């Protein structure tokens with residue numbers, strides 16, 4: 001089962017669910033009963049609902065506040081005579097039914113007798129999907145994702161936005177991106193609520209606003225309207241709002257006034273991360289006089305007051321304020337800090353202790369490790385998630401938010417997020433499952449996420465280990481991704497790649513080709529065709545990245561690659577790109593596709 005229940009007591013015998021029977025429900029859990037009845041129909045079983053007990057009642061759904069302690073907990077009892085689920089709340093009953101559904105799948109409706117007593121270790125279990133780095137999923141894709149989240153017992157979803165909501169007064173910013181509309185947000189919010197998921201609004205409100213600030217209409221709000229030099233030496237921007245411009249708060253208030261009423265959530269993530277340009281432009285004098293940390297905090301508190309007007313609890317990324325530990329205690333008591341870091345050895349222990357010791361409510365926010373990689377970094381993802389959740393629990397985090405970013409054009413397809421999604425679900429619900437065998441995890445993901453007995457998760461996992469074929473480690477990125485998408489950055493790393501790395505890369509290319517062949521030759525049901533196509537497409541991108549790294553190491557620069565080798569590479573690239581376009585449009589909106597392709601194909605333009 002995924003997530004693994006807290007306690008299982010095995011009994012004797014089993015219950016073979018018959019093809020006809022009744023489900024006992026009360027009025028408050030009627031919809032839950034209907035959900036279970038619909039699930040039974042998938043196996044040709046015809047069950048009716050009743051509010052009256054009798055001998056033909058085989059499944060009993062009982063909401064009894066006095067029998068279960070945790071509001072999300074449940075007890076599921078299977079005997080040779082039938083099944084009983086008891087919960088404190090309707091939400092707990094929903095989770096009990098999710099477990100029962102998985103048991104039905106695993107045992108083909110012939111369920112061993114047992115007692116399951118279950119409740120979550122983290123009250124808040126969230127997933128955040130980036131929809132601002134070109135890829136904006138279709139409504140159908142988003143709803144399928146929500147269904148998966150609900151089955152894995154997640155109860156929060158955030159869609160990270162910078163410029164991808166259709167604000168009525170700001171069409172200039174979003175008109176080429178086919179953004180989410182208010183109607184669609186309302187629809188998603190309702191769809192989530194039916195599945196006990198809170199759709200939490202997420203609108204970055206400090207940094208990461210380049211898509212707004214590049215337009216003349218908004219440049220007056222920018223900290224550095226003409227751009228700035230990043231800590232890694234690149235010219236970038238404009239990027240952040242300026243605390244020195246009084247109109248920034250009026251601007252944000254106008255956005256919130258239109259955005260927030262579309263959500264029933266009581267929370268709101270305002271972002272506030274990576275404000276690299278703070279103090280380099282219009283707020284320079286303020287920062288010199290007060291200190292950069294104090295300027296950041298003062299602006300954050302002003303945003304907080306604006307958010308409170310709308311009755312929301314403000315969430316914000318904690319990466320800036322943590323660098324000014326003396327200021328953490330000055331945060332409001334009714335705020336939620338989001339503590340994030342995406343490498344396997346991120347110092348979650350000390351960072352969680354910082355916020356906990358100051359009495360600040362916080363979530364831990366690991367990542368899927370899929371972005372800037374094509375196929376994910378499997379080992380890093382699992383270790384990063386475990387590190388975050390173990391230390392989050394140790395320091396009393398009230399929740400976790402698994403983040404799935406889309407840096408550099410969001411070329412990775414969604415199937416590569418499913419392994420970390422499943423692992424965070426099981427560890428976040430039941431921390432004792434942190435030592436779950438990887439093979440067992442992959443089988444559970446195949447069965448309960450991909451809905452198949454095929455070994456799809458194993459293939460994804462193996463592809464996600466190939467980043468380790470070279471000893472070079474780049475923060476939050478695979479070297480093969482950098483070689484293909486950011487080749488101009490590779491020269492500084494080439495001296496750290498040796499002949500052994502190249503030999504291992506050739507072996508890794510062969511392994512990736514084997515995976516592609518295995519998947520291409522696997523007979524799959526129609527509903528998995530898209531998944532297979534997405535995995536193959538990203539595996540082909542990975543091979544291109546490997547070839548790009550070999551070129552850069554052997555020839556020094558792309559222009560020196562021999563024509564015959566380059567022509568073959570370019571031919572494979574164009575074929576992969578055509579498939580990428582088709583796959584993108586099958587599950588995502590068209591806005592952002594061309595920009596994503598432009599980022600992917602920089603290496604081709606270097607040859608022109």
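Points to keep in mind about this one:
- Sorted by Cβ neighbour density within 10 Å, fewest at the top, the residues 236, 580, 154: 236, 580, 154
- Calculated FRET efficiency for the pair residue 465/residue 522, C-beta based, R₀ 22 Å, to 0.05: 0.65
- Coordinate range along principal axes, alpha carbons of the chain, Å, largest first: 78, 59, 43
- For the chain, the relative contact order works out to 13 percent when only alpha carbon pairs closer than 8 Å and six or more residues apart are counted.
- For the chain, share of DSSP beta bridges that run antiparallel, in % to the nearest 5: 35
- Gain upon complete extension [residue 183, residue 575; 0.36 nm per residue less C-alpha separation]: 137.4 nm
- Convex hull volume per residue for segment 7-118, taking Cα atoms only, in Å³: 89
- Ranked 95, 256, 480, criterion: other C-beta atoms within 10 Å, fewest first: 256, 95, 480
- Rough spin-label spacing in nm, given labels placed 7 Å along Cα→Cβ, for residue 230 and residue 110: 5.8
- Helix 499-520 and the longest principal axis of the Cα set of the chain meet at an angle near 40°.
- Averaged over residues, the count of other Cβ atoms within 10 Å places the peptides 395-405, 360-370, 211-221, 66-76 in the sequence 360-370, 395-405, 66-76, 211-221, highest first.
- Under the criterion of Cα pairs below 8 Å and six or more residues apart, the relative contact order for segment 7-118 equals 35 percent.
- Average projection area in nm² (convex hull over Cα atoms of segment 1-56, one quarter of hull surface): 5.4
- On the principal axes of its alpha-carbon atoms, segment 73-175 has extents of 64, 27, 19 Å, going from largest to smallest.
- C-alpha long axis of helix 418-429 to longest principal axis of the chain, angle in °: 60
- Full extension of the chain segment joining residue 563 with residue 601 gains 11.9 nm, where the gain is 0.36 nm per residue of separation less the Cα-Cα distance.
- Degrees, to the nearest 10: 378-394 long Cα axis against longest axis of the chain: 70
- Counted over segment 7-118, the DSSP beta bridges are approximately 60% antiparallel.
- Scaled against 2.2 N^0.38 Å for its residue count N, the alpha carbon radius of gyration of segment 458-605 is 1.06.
- Extending 7 Å from Cα along the Cβ direction at residue 503 and again at residue 13 yields two label points whose distance is 6.4 nm.
- Straightening the chain between residue 594 and residue 510 buys 27.2 nm, computed as 0.36 nm per residue apart minus the Cα-Cα spacing.
- Rg and Dmax over the alpha-carbon atoms of segment 177-306 stand at 16.4, 51 Å.
- Of 319, 498, the sequence from fewest to most neighbouring Cβ atoms within 10 angstrom is 498, 319.
Each reported figure results from applying straightforward, stated rules to the coordinates on display, with no laboratory input. Every value quoted in this text rests on a predicted model; they were computed, and no experiment measured them. As a convention, Cβ positions derive from the backbone with ideal geometry for all residues, glycine included, and neighbour counts pool all protein chains shown.
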